[in-house]
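For reference, the structure is listed below as structure tokens.
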Amino acid sequence: QVQLVESGGGLVQAGGSLRLSCAASGSIFGIDAMGWYRQGLGKERELVAAITSGGPADYAGSVKGRFTISRDNAKNTVYLQMNSLKPEDTAVYYCNAMIWNSLHTATYDYWGQGTQVTVSS
């Protein structure tokens, strides 16, 4: 079994910073892409940022220039540094990982439990 455990959410004032972490553990035979999604109240879940095993990252337009995604492959961990936070960034943030099976013939989606980020104005 694989688990993704997130940490680092909380309450911050507008303009502040937070750093989210997500560590994958369990039967891991390799991780392809890792990413962060968020879901605001009454909204659809949306991609915030994603990063491949080789490093290229992709960002939602609304966070580009403010958020930075990174990963530590040795620790199976992905991070999201969030700067210049705005009230509209308030949401539950979910970690996602696409994990290879033992034969490296397919990847499977795993999700963390979510961590609340609240930005006050």
Inside the range 98-121, the number of residues satisfying the requirement of being touching a Ser or Thr at 6+ places or on another chain (Cβ under 9 Å) and either surrounded by 13 or more Cβ atoms within 10 Å (Cβ to Cβ) or under 19 Å from Leu47 (Cβ atoms) (or both) is 8
Quickly run through the range 37-56 and pick out the residues that are among the aliphatic types (A, V, I, L, M) and over 16 Å from Gln81 (Cα atoms).
Leu41
Residues of the range 9-33 being aliphatic (A, V, I, L, M) and open to solvent by less than 60 Å² (accessible area, probe 1.4 Å), in sequence order, are Val12, Ala14, Leu18, Leu20, Ala23, Ala24, Ile28, Ile31, Ala33
Looking at Ala60, Ala74, can you tell me which residue is of a type in the set (A, V, I, L, M), surrounded by fewer than 19 Cβ atoms within 10 Å (Cβ to Cβ) and more than 28 Å from Gln13 (Cα to Cα)?
Ala74
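To keep it simple, each residue is scored yes or no on (1) in contact with an Asp or Glu (Cβ under 9 Å, 6 or more places away or on another chain); (2) part of a loop (DSSP other than H, G, I, E, B).
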residue: Arg19; (1), (2): no, no
residue: Cys22; (1), (2): yes, no
residue: Phe29; (1), (2): no, yes
residue: Asp58; (1), (2): no, no
Enumerate the pairs (first residue in the range 79-91 and part of a loop (DSSP other than H, G, I, E, B); second residue anywhere and hydrophobic (A, V, I, L, M, F, W, C) and surrounded by fewer than 19 Cβ atoms within 10 Å (Cβ to Cβ)) with beta-carbon separation below 7 Å, excluding pairs fewer than 6 apart on the same chain, so at least 6 apart or on different chains.
Leu85/Val12; Leu85/Ala14; Lys86/Ala14
Part of a loop (DSSP other than H, G, I, E, B) and either surrounded by 14 or more Cβ atoms within 10 Å (Cβ to Cβ) or not small (Gly, Ala, Ser) (or both): does that describe Glu6?
no
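The values are calculated or read from the model by the stated rules, or taken from the named source; none is laboratory data. Quick caveat, the model's predicted, so the values are computed rather than measured. Please note: Cβ atoms are built from the backbone with ideal geometry, for glycine as well, and neighbour counts cover all protein chains shown. Surface areas here come from the heavy atoms of the whole protein model, side chains and all, with no ligands, DNA or RNA. Shrake-Rupley method; radii C 1.70, N 1.55, O 1.52, S 1.80 Å.
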